[in-house]
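One structure is given below, encoded as structure tokens.
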Amino acid sequence: MRNCEFCLIIFHPRPQVKNPRACPDLLCQKKRQRTNEREWRAAHAKDPDPGYHRIRRRQRISLLQKISRSILECIEVGGRFLNRRYDAAELGQILDELTLRLGIRRANKLCLSDFSKNAEGLGCDP
């Protein structure tokens with residue numbers, strides 16, 4: 001039995017948690033998370049490299065552009081298969097904007113990494 005640091009009620013901690021600080025209540029969990037983040041930032045205040053976030057952002061944007069290019073290639077293959085023409089430049093801009101707004105995690109769900117291998121196996125021209 002432990003006391004919650006935030007609401008001071010007594011609770012039964014989960015056995016998987018080594019040093020429980022908060023009860024299972026959602027508000028207490030949010031307060032615990034904010035406290036943990038605040039403590040981490042205070043402990044690592046001198047660590048951040050000023051260029052780190054800029055470099056990581058460039059890497060994310062580059063990866064998102066690769067994803068949108070692979071999606072565009074898939075659409076172009078489908079267009080050739082269906083004998084339809086698409087304006088590749090306009091479609092590319094739309095896909096770039098879409099992937100940037102979605103972000104890495106959601107954009108990765110749009111693109112299968114093995115699609116080109118699967119397309120080759122089906123006899124498609126990627």
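FYI, it's all coordinate maths here, none of it is from the lab. The structure displayed is predicted, hence computed values, not measured ones. A quick note on method: Cβ atoms are made from the backbone with ideal geometry, for glycine too, and the neighbour counts reach across all protein chains shown.
Beyond 13 Å, how much of the Cα-Cα pair distribution for segment 2-43 remains, as a whole percent? Walk me through the numbers before you get to the answer.
Working: 451 of 861 pairs.
The calculated P(r) of segment 2-43 puts 52 percent of pairs beyond 13 Å.
Could you put TYR86, TYR52 in order, starting from the residue whose Cβ has the fewest other Cβ atoms within 10 Å? If you can, show how the numbers build up before the last one.
Details: TYR86 14, TYR52 10.
Final ranking by Cβ density, sparse to dense: TYR52, TYR86.
Using alpha carbons only, what's the Rg to Rh ratio of segment 1-93 with Rh from Kirkwood? Please report the intermediate quantities before stating the final value.
Values: Rg = 24.7 Å, Rh = 18.4 Å.
Rounded to two decimals, Rg over Rh is 1.34.
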